[in-house]
1. Six or more apart or on different chains, Cβ atoms under 7 Å: show the pairs whose first residue is in region 29-49 and among the β-branched types (Val, Ile, Thr) and whose second is surrounded by 14 or more Cβ atoms within 10 Å (Cβ to Cβ).
2. Just one of the numbered conditions (1) away from the ligand (no atom under 16 Å from the Cβ); (2) surrounded by fewer than 22 Cβ atoms within 10 Å (Cβ to Cβ) is not true of residue 110; which one?
3. Which one of 21, 50, 43, 33 is of a type outside the set (D, E, K, R) and assigned to a loop (DSSP other than H, G, I, E, B)?
4. Which condition does residue 72 not pass, out of (1) on the phi > 0 side of the Ramachandran plot; (2) within 16 Å of the ligand (Cβ to nearest atom), if it passes all the others?
5. Report every pair of residues separated by at least 6 positions or lying on different chains whose Cβ atoms are under 8 Å apart, first residue within region 179-205 and more than 18 Å from residue 356 (Cα to Cα), second in a strand (DSSP E or B) and of a type in the set (S, T, N, Q).
6. Filter region 289-321 down to residues that are surrounded by fewer than 22 Cβ atoms within 10 Å (Cβ to Cβ) and charged (D, E, K, R) and give me whichever is farthest from residue 373 (Cα to Cα).
7. Within region 374-385, can one find any residue that is within 14 Å of residue 272 (Cα to Cα), small (Gly, Ala, Ser) and in a loop (DSSP other than H, G, I, E, B)?
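Every number in this text was worked out from the coordinates using simple rules, so none of it is lab data. Everything numeric in this text was worked out from a predicted model, so none of it was measured. Cβ placement follows ideal geometry from the backbone for every residue including glycine, while neighbour counts extend to all protein chains displayed.
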Amino acid sequence: MKRVYLDHNATTPTHPDVVRAMQPYYEEIFGNASSVHRFGREARKAVEEARKNLASLLGAKRADEIIFTSGGTESDNFAIKGVARALRDKGNHIITSSVEHLAVHNTCKFLEKNGYSVTYIPVDKYGIIDLEAFKKSITDETILVTIMYANNETGTVEPLAEITKIAKERGVYLHTDAVQAVGKIDVNVEELGVDLLSLSGHKFCGPKGVGALYVRRGTKIAPMQIGGHHERNRRAGTENVPAIVGIGKAAELAGKNMAREAARIRDLRDRLQEGIEKSIKEVRLNGHPARRLPNTCNISFEYLEGESIILNLDMEGVAVSTGSACTSGSLEPSHVLISMGVSPQTAQGSIRFSLGRVNTKEDIDYLLKILPPIIERLRKMSPLYKE
Ligand SMILES: *Cc1c(COP(=O)(O)O)cnc(C)c1O
């Protein structure tokens, strides 16, 4: 059976060059990067090379502004809790948006239970945050703004440079979850002006279980883990050298290939979207039509449950999802779509198509062949649907 993977915002296949780059660090170059001997020094050298690759991809001034973590979730936790703790004496107010990934959203909820106050800024129908409401929400107590760069469910890209400018004018740190942006669109920490930025290896063809937090030099942040002196006392624990080598390689490849790949993938995504809009009635695009990741397309199919579409596509070898992989299994409609004013019923029928490196025109044409009859069949069975 043909298999088509259209769920790259959940995770990506690791690039073969990344796997090849990692392999020697399991067997031959296995040293502890903190050891003084040659085994250790070789591992250290590889870790520092990877750090430079990431710094270069992000346009960071210094490689030591990159701290390796276990992934996007840890980077988000680290940034938000780390600043909250470091600046507790300055204030207790945090600002975020209503469309964040759970790694940010639930970390903010956790802090709310622990004496901090959090403002959730609303978004418009495209998922773009309300800049006026944001401006008004900043107080003398505000210590951190955490707003994502690109949304994992809809692909909507926030006006981050403007958001940062407003935060900086008030002397407030700005953290962004850029997990979905890195490797898909240009992410430059100097142009964006951000103080902290989260990324994750497995979202851009690197390995799972490794990520990084960019921390602008001079930013006050409490350590994530206590122990040895790793990562300049910010994140104790023996470095996962093979995974770090892998994310470094993925960063190098992203830097080299991004512009070309993004254009290719955008064409495929547009082919998919136009194909669906042409062949299936009563669909709606969720997310900004233009200010959007080139690989993402979130579509609601009226009268249907997203879960049943997923299962039917899965039987034909096609992998898609309803929004976020982390919230699947819960029957609640997506908080992202609800925040955008989508009705719960329409939100339930939404599917996220997210494309990537491995996709071809044949993949899209296969999907466009099998999807319309599936939707038609499911609608005939739907109690909500009247022809
Ligand atoms: C996937 C994702 C995360 C979590 O990253 P992990 O490395 O899987 O922990 C955080 N934020 C966004 C926007 C994501 O898409």
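1. Taking only residues 6 or more apart or on different chains, the pairs are 29/42; 29/43; 29/46; 47/33; 47/239; 47/241; 47/244.
2. Residue 110 satisfies all of (1) away from the ligand (no atom under 16 Å from the Cβ); (2) surrounded by fewer than 22 Cβ atoms within 10 Å (Cβ to Cβ) except (1).
3. Details: 21 fails: assigned to a loop (DSSP other than H, G, I, E, B); 50 fails: assigned to a loop (DSSP other than H, G, I, E, B); 43 fails: assigned to a loop (DSSP other than H, G, I, E, B).
Exactly one residue qualifies, and that residue is 33.
4. With respect to (1) on the phi > 0 side of the Ramachandran plot; (2) within 16 Å of the ligand (Cβ to nearest atom), residue 72 is out only on (1).
5. Close Cβ pairs satisfying both conditions: 192/176; 194/176; 196/176; 197/176; 198/176.
6. Restricting to residues being surrounded by fewer than 22 Cβ atoms within 10 Å (Cβ to Cβ) and charged (D, E, K, R), the top hit is 291.
7. Within region 374-385 (the criterion being within 14 Å of residue 272 (Cα to Cα), small (Gly, Ala, Ser) and in a loop (DSSP other than H, G, I, E, B)), the answer is no, since none of the residues qualifies.
This table checks each residue for (1) out of contact with any His (no Cβ under 7 Å at 6 or more places or on another chain); (2) farther than 23 Å from residue 234 by Cβ.
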residue: 88; (1), (2): yes, no
residue: 93; (1), (2): yes, yes
residue: 97; (1), (2): yes, yes
residue: 103; (1), (2): yes, no
residue: 114; (1), (2): yes, no
residue: 117; (1), (2): no, yes
residue: 122; (1), (2): yes, yes
residue: 132; (1), (2): yes, yes
residue: 137; (1), (2): yes, yes
